[in-house]
Amino acid sequence: MLFPPPAPRTSSAPVITPARSVAAALLCCTAGIAQRIDVSIAATRDVTLYEDATGQTTNDFGANLFVGDSVAGLARRALLAFDVVNNVPANSRIVFVQLQLTVAQAPPGATPLPVTIHRVQVAWPEGTTAASGIGDNGTQANAGDTTWLHRVFATTQWQAPGGDFEPVPSGSFTMPTLGVFALGSNDALVADVQAWLDGAPNHGWLLKTDELGVQTARRIHSRQTTLVGVSPQLQIGYVPPGNSWSRGPGCHGSNGLALHQIISGAPVRGGTTSVVVQNGITGNWTAVLLAPALAQTAVDIVPGCPYELRELWFDNLGPVMFDAQGTATYTFQVPNAASLLGFYLAMQSGSLDQAAPFSLSFSNGTLVVIG
């Protein structure tokens, strides 16, 4: 069993033990304003790093980016940066991140190319130099460009040739031979974007391959392309402060109804909120499980019964008995404290249901962000 057997209580304001008092006091939600907002942000800078022992080659303002190895076996890496702070409200919680690129060309006979994405550690500019043609071999760098050896040509060098970046990638993906593709959301990419929103230096990402091949490089449309709809885009899903986001269908119990968690009350400091669990089995009990975030991908506990939380804290909001209408309610007063702005919490209700598979059912999941 997920919870210790409770002393039966009818639906009412819960008794809060010291262990769960902080989480319970901070929990707040909206009625009818559950939302996730999606935005698509164009790159503000993008350049190719061309492997070059002298650090003289660039194409900062060209219409294409390159990732992979040239005919001569020289590496090509792409740098991309996006302005998160001016496109997402402060104190929001990032729940989804997807990088969308478009491959314009691949070598003859090419196969899908494994690529990793890494958070860049230091600042770099986008210069004004553009190579002729498609730019696959670059051109002579000028002052203010970015090259394999220089993050600012020709005054400031990278600590390591080819750029300074986190060695552990934030993600990996397979780049196709042609067309639009997207690097799907994961916890690391979400953490990168969240950190940038929260004030960490935003130096963007670097894309690279294992750089062990010859003639593997992909040509990718850059932000300077004149073609429509193919430039790099960062798609972000976020929950702004003062809102909540509900995800998942909830499991169907033995009564044929999906267990459903409703958030009632404005998610603002000094307000009152309720967590209402509906469609339960009268006489059974439920408890609200807590976690720091929703999982990027829900996991089915049993077929058709997804667990939405990233992880499970050992504490929960405590058991409440379903009333005659199959409803259980928790009500809280949210402290009016400035430090709570942007505080967030994920939750999902679990209920015993002896006639259901594994005697357990889950509600939809919810992420709440205090305003």
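Within the stretch 281-292, work out how many residues are in contact with a helix residue (DSSP H, G or I) (Cβ under 9 Å, 6 or more places away or on another chain) and on the phi > 0 side of the Ramachandran plot.
0
Criterion first (over 18 Å from F332 (Cα atoms) and modelled with pLDDT under 90) does C251 satisfy it?
Answer is no for this residue.
Could we say that G253 is assigned by TED's automatic domain parsing to the domain that holds V302, touching an Asp or Glu at 6+ places or on another chain (Cβ under 9 Å) and not hydroxyl-bearing (S, T, Y) here?
So G253 fits the description; yes.
In the stretch 138-160, which residues are surrounded by fewer than 17 Cβ atoms within 10 Å (Cβ to Cβ) and either within 22 Å of A72 (Cα to Cα) or among the β-branched types (V, I, T) (or both)?
Q140, T155, T156, A160
Would you confirm whether or not the stretch 127-135 contains a residue that is surrounded by 14 or more Cβ atoms within 10 Å (Cβ to Cβ) and farther than 15 Å from S222 by Cα?
no
Only residues that are more than 20 Å from the chain's Cα centre (by Cα) and crowded, with 24+ Cβ neighbours inside 10 Å: list them for the stretch 351-370, please.
S351, S361, F362, S363
Just checking, how many residues over the stretch 330-351 are farther than 12 Å from L367 by Cβ, hydrophobic (A, V, I, L, M, F, W, C) and assigned to a loop (DSSP other than H, G, I, E, B)?
3
Give the residues of the stretch 244-271 that are within 27 Å of the chain's Cα centre (by Cα) and in a loop (DSSP other than H, G, I, E, B), sorted by residue number.
Those that are within 27 Å of the chain's Cα centre (by Cα) and in a loop (DSSP other than H, G, I, E, B): G248, P249, G250, C251, L259, G265, A266, P267, V268, R269.
Run down A160, A78, A141 and say which single residue is over 24 Å from T226 (Cα atoms) and more than 20 Å from the chain's Cα centre (by Cα).
Answer to the selection: A160.
Tally time: how many residues in the stretch 285-319 are within 19 Å of R93 (Cβ to Cβ), part of a strand (DSSP E or B) and among the hydrophobic types (A, V, I, L, M, F, W, C)?
Summing the residues that are within 19 Å of R93 (Cβ to Cβ), part of a strand (DSSP E or B) and among the hydrophobic types (A, V, I, L, M, F, W, C) in the stretch 285-319 gives 8.
Rundown of residues vs (1) surrounded by 15 or more Cβ atoms within 10 Å (Cβ to Cβ); (2) charged (D, E, K, R); (3) in the same structural domain as A43 (by TED's automatic domain parsing), yes/no style:
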| residue | (1), (2), (3) |
| --- | --- |
| S70 | yes, no, yes |
| R76 | yes, yes, yes |
| L80 | yes, no, yes |
| N91 | yes, no, yes |
| I94 | yes, no, yes |
| Q98 | yes, no, yes |
| L101 | yes, no, yes |
| G109 | no, no, yes |
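The rows are residues; the columns are (1) in contact with a Lys or Arg (Cβ under 9 Å, 6 or more places away or on another chain); (2) of a type outside the set (D, E, K, R).
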| residue | (1), (2) |
| --- | --- |
| P267 | no, yes |
| T273 | no, yes |
| V277 | no, yes |
| G283 | no, yes |
| L289 | no, yes |
| V299 | no, yes |
| E311 | no, no |
| D315 | yes, no |
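For the stretch 45-60, enumerate the residues that are surrounded by fewer than 24 Cβ atoms within 10 Å (Cβ to Cβ) and either of a type in the set (D, E) or not assigned by TED's automatic domain parsing to the domain that holds A141 (or both).
E51, D52
The values are calculated or read from the model by the stated rules, or taken from the named source; none is laboratory data. Everything quoted here is computed from the prediction, not taken from an experiment. Note that we place each Cβ from the backbone using ideal geometry, even for glycine, and neighbour counts take in every protein chain shown.
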